[in-house]
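First comes the structure, then the notes that go with it.
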């Protein structure tokens, strides 16, 4: 008998298709969880798309009556033009008047990559990306609302975000939908203490909009609390280091491009007339608007800012989780405390989804007939106001 005949037979390698394989089991469990989450979110996403399609349909009909195309309204207006310039030509080196370095890179660079393989063209691809991000945001809003309250609240929260006054920017080649999607999933992951997902999402949010400055402190503070309490091992350390990396990285790159350490802030202040004054400009402008004849948009923005402050007070009374409250507070401070661009301050609050939770909770308790009447009315108002912002108002939304 040979030596080989006494050798212990080797176990056969795990068959990837074998359900007993732990790797295959974990993959299947993850896929089942994702499918279950997607199925649960279908009513929220469908409701969001329905109200947005109605609003965009109103814009399309209005634009058509004035012999203008829908794509021009969604992809070739105001900030969209700046993003298209970055997609087609890249960043400049700090124009003395207005530099496109003021716009963060994730959205235009992703649009550029997609446009390279898409038959749609640059503008249509950028608009399509915004719609995909808006769907991801609606899914995230549903996930957050259902986690904090229940399924119905999650659905209402997602649909309510689709009918806010400046919701038209969610459907344009703007970064509002991308930043909202990244912010809501960041906070959802943070509440679930999934630190690595939180870190990566926050890093990407920091590359999408400067208002990530309202999100990064929330993640870093939560990570510090976990570190002090010795929770979750090394993962909070990773979140603490990675969360601000995107935002700080772009600021450093922009500074290097214009050869000064405060390059991005210099561009914002000297080129775009935007800086921090603690709210003096906002208060003075609102006072002027409320005591003198003004354009409709200025009144609408003033009402939105007032409602935002009221909704934040209600959020405090409802005892929302502190990460949501802090994010809302910092986003409010960023919008109200900045000088310049009063007409755009309501748009800066599109991502303040935590402020929508109090009305979402109240509406979720209402009868279906009541909800239908409320959402139908809000959809028509949002649709009209979106058309007004793009076809009547002569400044950016």
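Residues in the range 51-70 that are in contact (Cβ under 8 Å) with a residue 12 or more places away in the chain, in a helix (DSSP H, G or I) and either touching a strand residue (DSSP E or B) at 6+ places or on another chain (Cβ under 8 Å) or surrounded by fewer than 16 Cβ atoms within 10 Å (Cβ to Cβ) (or both): 57 only. When the test is whether a residue is buried (at least 18 other Cβ atoms within 10 Å of the Cβ) and at positive phi, residue 94 passes it.
The residue pairs whose first member lies in the range 102-122 and is without any contact (Cβ under 8 Å) to a residue 12 or more places away in the chain, whose second member is assigned to a helix (DSSP H, G or I) and buried (at least 20 other Cβ atoms within 10 Å of the Cβ), and whose beta carbons are closer than 6 Å, counting only pairs six or more residues apart or on different chains, are 118/125.
If I go through the range 185-212 residue by residue, how many of them are more than 12 Å from the chain's Cα centre (by Cα) and free of Cβ contacts under 8 Å to residues at least 60 places away in the same chain? Total meeting the criteria: 12.
Can you tell which of 308, 239, 333 is assigned to a helix (DSSP H, G or I) and either modelled with pLDDT under 95 or surrounded by fewer than 18 Cβ atoms within 10 Å (Cβ to Cβ) (or both)?
333 is the lone residue from the list that is assigned to a helix (DSSP H, G or I) and either modelled with pLDDT under 95 or surrounded by fewer than 18 Cβ atoms within 10 Å (Cβ to Cβ) (or both).
Comparison of 286, 226 shows that the only residue that is within 30 Å of residue 147 (Cα to Cα) and at pLDDT 95 or above is 226.
For residue 204, the conditions (1) surrounded by fewer than 24 Cβ atoms within 10 Å (Cβ to Cβ); (2) over 27 Å from residue 338 (Cα atoms) are fulfilled apart from (2). Does the range 187-197 contain at least one residue that is surrounded by 24 or more Cβ atoms within 10 Å (Cβ to Cβ) and more than 25 Å from residue 45 (Cα to Cα)? Within the range 187-197, one or more residues are surrounded by 24 or more Cβ atoms within 10 Å (Cβ to Cβ) and more than 25 Å from residue 45 (Cα to Cα). The listed residues are 106, 144, 132, and the only one of them that is crowded, with 24+ Cβ neighbours inside 10 Å, closer than 25 Å to residue 354 by Cβ and under 15 Å from the mean Cα position of the chain (by Cα) turns out to be 144. Within the range 286-298, being more than 24 Å from the chain's Cα centre (by Cα) and either surrounded by fewer than 13 Cβ atoms within 10 Å (Cβ to Cβ) or in contact (Cβ under 8 Å) with a residue 60 or more places away in the chain (or both) holds for 287, 288, 290, 291, 292, 293, 295, 296. Looking at 348, 327, 283, which one is part of a helix (DSSP H, G or I), touching a strand residue (DSSP E or B) at 6+ places or on another chain (Cβ under 9 Å) and either surrounded by 18 or more Cβ atoms within 10 Å (Cβ to Cβ) or free of Cβ contacts under 8 Å to residues at least 12 places away in the same chain (or both)? Residue meeting the stated conditions: 348. Of all residue pairs spaced 6 or more apart or on separate chains, those with beta-carbon atoms under 7 Å, a first member in the range 213-238 that is touching a residue at least 24 places away in the same chain (Cβ under 8 Å) and on the phi > 0 side of the Ramachandran plot and a second member that is surrounded by fewer than 21 Cβ atoms within 10 Å (Cβ to Cβ) and not in a loop (DSSP other than H, G, I, E, B) are 232/226. Residue 39 satisfies every condition listed in (1) modelled with pLDDT under 95; (2) over 24 Å from the mean Cα position of the chain (by Cα); (3) exposed (fewer than 10 other Cβ atoms within 10 Å of the Cβ) except (2). Can you tell me how many residues within the range 311-324 are assigned to a helix (DSSP H, G or I) and either within 17 Å of residue 148 (Cα to Cα) or touching a residue at least 12 places away in the same chain (Cβ under 8 Å) (or both)? Within the range 311-324, residues that are assigned to a helix (DSSP H, G or I) and either within 17 Å of residue 148 (Cα to Cα) or touching a residue at least 12 places away in the same chain (Cβ under 8 Å) (or both) number 9.
Of the residues making up the range 109-129, just one is farther than 20 Å from residue 90 by Cβ and either buried (at least 21 other Cβ atoms within 10 Å of the Cβ) or touching a strand residue (DSSP E or B) at 6+ places or on another chain (Cβ under 6 Å) (or both), namely 127. When the range 360-381 is filtered for residues that are surrounded by fewer than 17 Cβ atoms within 10 Å (Cβ to Cβ) and in contact (Cβ under 8 Å) with a residue 40 or more places away in the chain, the ones remaining, listed by number, are 380, 381.
The values are calculated or read from the model by the stated rules, or taken from the named source; none is laboratory data. It should be emphasised that the depicted structure is a prediction, and the values quoted were computed from it without experimental measurement. Neighbour counts are summed over all protein chains in view; Cβ atoms, including those assigned to glycine, are modelled from backbone coordinates with ideal geometry.
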